[in-house]
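Note sheet for the following structure.
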Amino acid sequence: MLMTRTPGPYRLTVTRPALPSRVTYEALIDRIWDSGWLTNNGPLERELTARLTEYLGAPHLQLVSSGTSALQVALAALECTGEVITTPYSFAATRNAVIRQGCEPVYCDIDPVSFTLDPQAIEASLTPRTSAIVITTAYGLPANFDAIQELADVHGIPTLYDHAHATGARYRGRALATYGDIGALSFHATKVFHTGEGGALISHDPELDEKISLMKANGIDGDAVPHVGFNAKMSEMHAAMGLALLPELDALIARRKACFTAYVKALADAPVRLIDPDAFGDFSWNYAYFPVVTRAGEVVERIQAALADEGIESRRYFRPSFDSVDNARPCPVARDIASRVLSLPFSPFLTEDEIAQVAAIVRRQA
Ligand code: T4K
């Protein structure tokens, strides 16, 4: 049976997108009406590129149409072939982009605290056919960037970070999304910063940036077509959303932090593992998600059912572990965490009462 997705029955959803001041947004939309320019390197896209470049301290930044297209364009720009080392613990877009590029995903296990690739597992999986390492900074948490980059540099292999969750997080004095040879960001409605649909690619090499800028627009350069590209451009309507929301981002992250702190307090005595942002040293988190790692898969099912009975949505971000989907060499840590993790409702708009209700159910069922 074909299932279409419609807004669900929940009174409290797993996330709630931030919407900017409507007056600000409409003023930007008026500019689109005045100019008649809707897409293809329009003035609002250029303005958002400049603002985000500054906000993130990005060497080079190209806006694209989604986090998924960011990954696809990046893998194509890197001309990946053969094997790509990647994480089994991510949204399907990461794995799909590798396979769409015609590459074989070689899954490595994750570190249970950062939920991201373990450098030792990467090292053990490198072969002469490895053409890239694709790492997801799950929930916007830092990876072991130094060790991974060292491995990549020694073997002359590029790193592509799926930084879909990371906008607004900072690590060791710079935006987390700037780590890696290329960073792919998602600006989907469900992200901390969004443009409705959208994304970006951050890179550190002007030639690669130029290639990405051509590849996101069908690979066309004047009358020449030097690359087999995509249409992955961001429209002016999406850029307008980003321009209106960006000035509110720091305040939204502060509200997320307050909600996170209230949740941690409310769950203090529950037998679930929470993210501890202080475990990562010089790190300022964007509080992208609120995953809890429970004792067992049955506990997740119990919590999820009890929440649903009260009209509260939760999601198993991220399950399944893709090594099991693709019948690949097993990644036991990723499989184990994927079976026990549950993302609770989280947004900057949660009330104390909502947090208390969710926490009470989790405490009862955990
Ligand atoms: N890499 C990683 C690590 C990612 O997590 C993602 C996306 C990507 C790459 C790819 O980036 P994009 O191509 O999407 O830019 C959602 C998002 O669609 C997806 O962006 C996100 N990760 C993933 C983790 O979550 P679903 O299928 O769970 O979303 P959906 O539509 O069920 O929404 C969840 C809840 O959010 C709804 O029940 C209610 C609320 N919601 C959602 C939308 C879209 C709203 O209140 N308003 C809305 O407009 O995938």
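Miscellaneous remarks
- Net lengthening on full extension, residue 124/residue 155 (0.36 nm per residue, minus Cα-Cα): 9.9 nm
- Most fluctuating residue given options 106, 341, 272, as computed from a GNM of the chain linking Cα atoms under 10 Å: 272
- For the listed residue pairs 191/265; 191/216; 216/257, the alpha carbons are over 32 angstrom apart in 216/257.
- Protection proxy ranking of 86-99, 343-356, by the mean of other Cβ atoms within 10 Å over each peptide's residues and highest first, is 86-99, 343-356.
- Within-10-Å neighbourhood charge of residue 240 [Cβ basis; K, R +1; D, E -1]: -4
- Accessible surface of the chain [probe 1.4 Å, protein heavy atoms]: carbon and sulfur percent: 52 percent
- FRET efficiency estimate (nearest 0.05) - Cβ-Cβ, residue 50 to residue 228, R0 30 angstrom: 0.55
- Full extension of the chain between residue 349 and residue 210 gives 46.1 nm of extra length, using 0.36 nm per residue less the Cα-Cα distance.
- Protection proxy ranking, highest mean first, for peptides 142-155, 68-81: 68-81, 142-155, where packing is the per-residue count of other beta-carbon atoms within 10 Å, averaged.
- Separation of alpha-carbon centers, the stretch 19-64 and the stretch 239-297, rounded to whole Å: 27 Å
- Accessible area expressed per residue, the chain, with surrounding protein chains retained (probe 1.4 Å, Å²): 44 Å²
- Length added when fully stretched, residue 220-residue 26, from 0.36 nm per residue minus Cα-Cα: 66.6 nm
- Within a Gaussian network of the chain (alpha carbon springs, distance under 10 Å), most fluctuating of 319, 335, 22: 22
- Global form of the chain, assessed from the alpha-carbon gyration tensor, a/c cut-off 1.5: oblate
- Mean separation of Cα contacts under 8 Å, 6 or more apart, over the residue count of the chain: relative contact order %: 23 percent
- Structure remark: mean-square fluctuation, Gaussian network model of the chain, C-alpha springs under 10 Å; the largest value among 222, 199, 297 belongs to 222.
- Zone residues, the stretch 249-281, relative to residue 363, backbone N less than 11 Å from point 7 Å out along Cα-to-Cβ: 265-271
The values are calculated or read from the model by the stated rules, or taken from the named source; none is laboratory data. Nothing here was measured: the structure is a model prediction, and the numbers come from that model. Because the Cβ atoms are built from the backbone with ideal geometry, glycine has one as well, and the counts that use them run over all protein chains shown. When the accessible area is computed, the model is the full protein with side chains, heavy atoms only, and any ligands, DNA or RNA have been set aside. Shrake-Rupley method; radii C 1.70, N 1.55, O 1.52, S 1.80 Å.
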